[in-house]
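Structure first, commentary second.
What follows is calculated from the coordinates using simple rules that are stated; it is not laboratory data. Note that the structure is a prediction, hence the values are computed from the model and not measured. Note that we place each Cβ from the backbone using ideal geometry, even for glycine, and neighbour counts take in every protein chain shown.
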Amino acid sequence: MPPNGDYPGRGVVTKINLELGSVELEHEEIKGVMPAMKMEFYVTDRKQLDSLKVGDKANFTLRYWNNTEKISNIKKAE
């Protein structure tokens, strides 16, 4: 189990669900947390999803807290 904290990640957006406030990413390894894979994550603020679209490369911060993961920040990669 990783320590509680924030972990940087990078990936490609494969699905966005504005109703649930989630984003599916084909992401690279998130060091200390999980290997590269495709996974759906909830976000702490749904408004962050407004500027993303499927196919965008994104940088994000994964907040791991007591065995749960949420994206606390996500932005389209430059």
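Computed values, structure above
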quantity: Size of charge dipole - the chain - debye, nearest 20, with Cβ of Lys, Arg +1 and Asp, Glu -1, no other charges; calculated: 120 debye
quantity: Extended-chain gain in nm, criterion 0.36 nm per residue less alpha-carbon gap, Lys15 and Ala77; calculated: 20.7 nm
quantity: Euclidean distance of C-alpha centroids, the range 1-41 and the range 64-78, integer Å; calculated: 7 Å
quantity: Alpha-carbon gyration tensor eigenvalues x 5, square-rooted, for the chain, Å; calculated: 19, 14, 10
quantity: Protection proxy ranking of 49-57, 11-19 - average other beta-carbon atoms within 10 Å, highest first; calculated: 11-19, 49-57
quantity: Formal net charge of residues neighbouring Lys15 (Cβ-Cβ distance under 14 Å; K, R +1; D, E -1); calculated: -3
quantity: Length-normalised contact order of the range 5-76 in % [C-alpha pairs under 8 Å, at least 6 apart]; calculated: 35 percent
